[in-house]
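All of the numbers you see were taken from the coordinates with simple rules; none came from a lab. Quick caveat: nothing in here was measured; it's all calculated off a predicted structure. FYI the Cβ positions are ideal-geometry reconstructions off the backbone, even for glycines, and counts take in every protein chain you see.
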Amino acid sequence: MTKKTILITGATDGIGKDAAFRLAKLGHEVLPHGRSETKLKSLCAELEAITGANVLSFRADLSETKAVRSLVDEVKERAPKLDVLLNNAGVFATSKPKTEEGLDVRFAVNTIAPFMLTEGLSDHLHQEARIVNISSAAQARVDPSALFAAPRLSDGAAYAQSKLALMMWTNRLASLESGQRLYVSVNPASMLGTKMVKDAFGVNGGDIGVGGDILCRAAVSDEFAGKQGAYYDNDAKAFGPPHEDALDTQRCSEILESLRSGLARLAQ
Ligand SMILES: NC(=O)c1ccc[n+]([C@@H]2O[C@H](COP(=O)([O-])OP(=O)(O)OC[C@H]3O[C@@H](n4cnc5c(N)ncnc54)[C@H](OP(=O)(O)O)[C@@H]3O)[C@@H](O)[C@H]2O)c1
């Protein structure tokens, strides 16, 4: 096994945390990201007990583009080059749908932050790096004007649009890739028993390990090698077709352009 350096966002809970443990146990260098200092500290202690080495961690609230920019700078400054960027952090139901910058938090955390990390860390990713973006079975046609707007959709609609938008920019970057970087999207399986599912649906949900396992495989296993732009649907346990819009080059380009122009406006 070649040891990989893997940045995992949202590693302080749920599927991301499960994947962090699995990858650390396989001998990879896991760099966990979280937003809570307390949760990060206790996660690092648990990871250090597995690896016997110091764990480098990163804290940032991904709902704020300023904080994401600082995170990019901090990773470039403190971390070794990355073999895998696992964009896992996500949000569904919330009592605070509007971010400080006035955006819908689902688009901010699920679509915009992973895009900023992927673009911002481009020089800090190895030539053969994998960018693994955690999507969902919930995918709905994206209204590009909602990406940088105040919340106006239901939790379910905002979430499903944010997850399809994530897959659409992923696929566009995959099709523009002339080198060996790999861009993939993964539905980790539906209704796994994480905080997100318990809070949103009031059910216990399924085995979180099912999600952790597929994140881990997408990050390092050969079964994902060469699967440029693919979507792995862990409900079907197979690579499969995403929502038709994720295969529509024109629509995917529009999402990419909307992200670039929206971020440029916000930065002014
Ligand atoms: N569970 C499922 O059945 C399911 C199904 C399909 C897709 N997914 C996707 O799987 C991914 C992981 O979700 P999960 O189910 O494991 O949920 P979770 O247990 O709620 O974990 C979400 C992670 O994201 C972090 N996060 C949320 N908002 C953030 C913010 N503003 N800034 C920084 N970090 C933030 C959380 O931090 P804290 O620890 O501080 O809360 C946590 O570490 C998400 O992208 C989700 O959409 C899950």
- Query: When a footprinting reagent is the concern and you count Cβ atoms within 10 Å, what order do 9, 99 take, fewest first?
  - Reply: 99, 9
- What residue among 40, 153, 23 shows peak mean-square fluctuation when the chain is described by a Gaussian network model with Cα springs under 10 Å? 153
- Message: Shape verdict for the chain, please, from the Cα gyration tensor: rounded (a/c under 1.5), prolate (a/b greater than b/c) or oblate.
- Response: rounded
- Take 84, 142 and order them by how many other Cβ atoms sit within 10 Å, fewest up front. 84, 142
- Item | Among 206, 90, 34, residue whose mean-square fluctuation peaks in a GNM of the chain (springs only between Cα atoms under 10 Å) | 206
- Between their Cα atoms, which of 3/237; 39/81; 39/195 are more than 22 Å away from each other? 3/237; 39/81
- Query: Leaving out same-chain residues fewer than 8 places away, which aspartates and glutamates sit with a Cα under 17 Å from that of residue 76?
  - Reply: 29, 119, 123
- Task: Compute the Cα gyration tensor for region 140-268, then decide on rounded, prolate or oblate, letting a ≥ b ≥ c be the square roots of its eigenvalues: rounded whenever a/c is under 1.5, prolate when a/b is larger than b/c in the other cases, and oblate in all that remain.
- Result: oblate
- Once normalised by the length of region 29-108, the mean sequence separation of its alpha carbon contacts under 8 Å that are 6 or more apart gives a contact order in percent of 25
- Please work out the C-alpha center-to-center distance from region 196-261 to region 115-135 and express it in whole Å. 15
- Item | Whole-Hz ³J(HN,Hα) from phi, Karplus 6.51 cos²θ - 1.76 cosθ + 1.60, for region 170-183, glycine and proline x | 4, 5, 5, 5, 4, 6, 8, 5, 9, x, 10, 6, 10, 10
- Query: If we count other beta carbons within 10 Å of each Cβ, what is the order of 48, 77, fewest first?
  - Reply: 77, 48
- Note on the structure: Of all DSSP beta bridges with both partners in the chain, the antiparallel percent, nearest 5, is 10
- Task: For the chain, set up a Gaussian network in which alpha carbons nearer than 10 Å are linked by springs, and say which option among 95, 70, 145 fluctuates the most.
- Result: 95
- Length gain on complete extension for the stretch residue 150 to residue 228, per 0.36 nm per residue less the alpha carbon to alpha carbon distance? 24.7 nm
